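See below for the structure under consideration.
The values are calculated or read from the model by the stated rules, or taken from the named source; none is laboratory data. Please read these numbers as outputs of a predicted model, since none were measured by experiment. Positions of Cβ are generated from backbone atoms using ideal geometry, with glycine treated the same way; all protein chains shown enter the neighbour counts.
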Amino acid sequence: MLLADLLLALLAFLGHVVLWVAAFNLLHASPLSCRLIGRLETLIQAIFVATLAAAAAAWWLRGQPCWRGVPADGWSWVLAAYVGLCWLAAAVWLLQWIRRRWRERQVSQLVSNDTRRIDVAGQLGFRPLCGLTTRLLDWVPGNEILLLQIHHKRLVVPALPAELEGLRIAHLSDLHYAGHVGLPYFEYVMDRVNELQPELIVVTGDVVDRTACLDWIAPTLGRLRASQGKYFVLGNHDLRVADVDRLRGALVEAGWVDMGGRCVEVPVRDVRLLLAGNERPWFQRLPEVPAAGSESGRPLRLLLAHTPDQFPWARRHDFDLMLAGHTHGGQIRLPVIGPLVAPSRFGVRYASGVFYERPTLLHVSRGVSGLQPIRWNCPPEVALLELTREKVSGTFSGITGDVDLLGTPSRI
């Protein structure tokens, strides 16, 4: 009986965590201001602790002599109902986890992934970190904030025109110029991106957190080279800059094309590519996307979005490829379990990696950096995406979890 009670208590605790993590994820997927989100986050944390303490106290008291014979009141029934809800949440989470792990092992649009792992601090000869909190967290065992992974991924895009076979796109996201990771780190990253010789470079939001770091754009993103152009959209953290128009202007001056709320056809290798930017829910303007049509010579349709929450929108508008970030891969990935937290209304479903749901292929970046300087089993990344029409036998389905995506990395 004691073992059964313990298992039920553990299941209720798991469900409690699942419910409040879901609330946290939904909060950070909302279009609310960063200041309001911070206050609501504190409230959620307080309620989480208070609810857990009340449930634990009720569970313990029910077996004590002083509690026997005490009639159940309304609060007892509320706690009992909440424990039942926790059990249900835990059961649903376990089923979703099993489904996600099963899908990770399916054949996908990812043909190959060559991975390079770079100790940036070792290459620089020093640790480019600023601030007491960042330096203290850097001492946490296993923290990977300065261990960059460069992925060269070959992706099958069935609608890819023959003229674009082998097109090389560098995907960067979530740079978070905030000052706690120093400028030399980002300069080093940009040098590695140029070595990849991409034809197209895209940034999918969260570039600058502090106005003081706007000057970092020219010596970092401004030094990138791409024969077919550089394009960007902004994310929620870019709203922390006092003047967002100034941020957009600085990027344009550095040679980037602003795709926020726009849809244009651009020439790539002398053929058309339809390129669009979706910055919802933080910037309300949506691109006016023409119908895809069924003609064989239609252009490849590429969407830049900050959050993978726009994946259903991309599918409705027949995009062939969507690139996003925002989730940072969860930043902390537990063994076997994977990530718990991702600021998305889908939870960790699209935390990072490659996903395919007809007709759209989605790539979600873990990001180049982050506002919270802590990463476990989830290093920052730069991705070079090489597009191909090569067919893969088997059933196409989504891939989640960087366990499958990381491969066997070489170290530098």
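Looking at Gly229, is it small (Gly, Ala, Ser), at pLDDT 95 or above and surrounded by fewer than 23 Cβ atoms within 10 Å (Cβ to Cβ)? The answer is yes for Gly229. Select from segment 151-191 the residues that are touching a helix residue (DSSP H, G or I) at 6+ places or on another chain (Cβ under 6 Å) and within 22 Å of Ser227 (Cα to Cα) and list them in ascending order. The answer is Ala170, Tyr188, Met190. Gly249 falls short on exactly one of the conditions (1) out of contact with any Leu (no Cβ under 6 Å at 6 or more places or on another chain); (2) surrounded by fewer than 19 Cβ atoms within 10 Å (Cβ to Cβ); (3) under 30 Å from Ile118 (Cβ atoms), and that condition is (3).
Suppose we filter Ala90, Ala58, Ala121 for residues that are assigned to a helix (DSSP H, G or I), at pLDDT below 70 and crowded, with 16+ Cβ neighbours inside 10 Å; which single one remains? Step through it out loud before you land on a result.
Working: Ala90 fails: at pLDDT below 70; Ala121 fails: at pLDDT below 70.
Of Ala90, Ala58, Ala121, the one residue that is assigned to a helix (DSSP H, G or I), at pLDDT below 70 and crowded, with 16+ Cβ neighbours inside 10 Å is Ala58.
Residues that are in contact with a helix residue (DSSP H, G or I) (Cβ under 9 Å, 6 or more places away or on another chain), more than 21 Å from Phe232 (Cβ to Cβ), assigned by TED's automatic domain parsing to the domain that holds His171 and modelled with pLDDT under 95 are absent from segment 279-295 altogether. Per this entry, Leu275 is counted among residues that are buried (at least 16 other Cβ atoms within 10 Å of the Cβ) and in a strand (DSSP E or B). Name the single residue, out of those in segment 125-149 being in contact with a helix residue (DSSP H, G or I) (Cβ under 6 Å, 6 or more places away or on another chain) and not in a loop (DSSP other than H, G, I, E, B), that is nearest to Glu390 (Cα to Cα). Checking each candidate, the answer is Leu148.
Kindly indicate which of Asp191, Asp206 is assigned by TED's automatic domain parsing to the domain that holds Asp318, charged (D, E, K, R), modelled with pLDDT of 95 or more and within 22 Å of Met259 (Cβ to Cβ).
Being assigned by TED's automatic domain parsing to the domain that holds Asp318, charged (D, E, K, R), modelled with pLDDT of 95 or more and within 22 Å of Met259 (Cβ to Cβ) holds for just one of Asp191, Asp206, which is Asp206.
The C-beta contact set for segment 302-328 (first residue closer than 20 Å to Leu273 by Cβ and free of Cβ contacts under 8 Å to residues at least 60 places away in the same chain, second residue of a type in the set (Val, Ile, Thr) and not in a strand (DSSP E or B), distance under 6 angstrom, 6+ apart or interchain) comprises His317/Val289.
Has segment 123-141 got any residue that is small (Gly, Ala, Ser), under 20 Å from Arg192 (Cα atoms) and assigned by TED's automatic domain parsing to the domain that holds Arg333? Yes; the residues of segment 123-141 include at least one that is small (Gly, Ala, Ser), under 20 Å from Arg192 (Cα atoms) and assigned by TED's automatic domain parsing to the domain that holds Arg333.
Among the criteria (1) crowded, with 24+ Cβ neighbours inside 10 Å; (2) in contact (Cβ under 8 Å) with a residue 60 or more places away in the chain, the one Arg345 does not fulfil is (1). Here segment 122-136 is the region considered, the condition is being of a type in the set (A, V, I, L, M) and over 24 Å from the mean Cα position of the chain (by Cα), and the residue that is farthest from Leu147 (Cα to Cα) is Leu132. Residues in segment 25-34 that are surrounded by 19 or more Cβ atoms within 10 Å (Cβ to Cβ) and part of a helix (DSSP H, G or I): Asn25, His28.
Criterion applied to Asp206, Asp238 was being outside any helix (DSSP H, G or I) and over 24 Å from Leu300 (Cβ atoms), and the one residue passing it is Asp206.
Take Gln96 and decide whether it is surrounded by 11 or more Cβ atoms within 10 Å (Cβ to Cβ), modelled with pLDDT under 85 and either closer than 30 Å to Leu387 by Cα or in the same structural domain as Ile47 (by TED's automatic domain parsing) (or both). So Gln96 fits the description; yes. Check whether at least one residue in segment 192-204 is within 30 Å of Ala29 (Cβ to Cβ) and acidic (Asp, Glu), and report yes or no. No, segment 192-204 contains no residue that is within 30 Å of Ala29 (Cβ to Cβ) and acidic (Asp, Glu).
Each row is one residue, and each column tells you yes or no for (1) of a type in the set (Lys, Arg); (2) surrounded by 20 or more Cβ atoms within 10 Å (Cβ to Cβ); (3) modelled with pLDDT under 95.
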residue: Val364; (1), (2), (3): no, yes, no
residue: Pro380; (1), (2), (3): no, yes, no
residue: Ala383; (1), (2), (3): no, yes, no
residue: Leu387; (1), (2), (3): no, yes, no
residue: Val392; (1), (2), (3): no, no, yes
residue: Leu405; (1), (2), (3): no, yes, yes
residue: Thr408; (1), (2), (3): no, no, yes
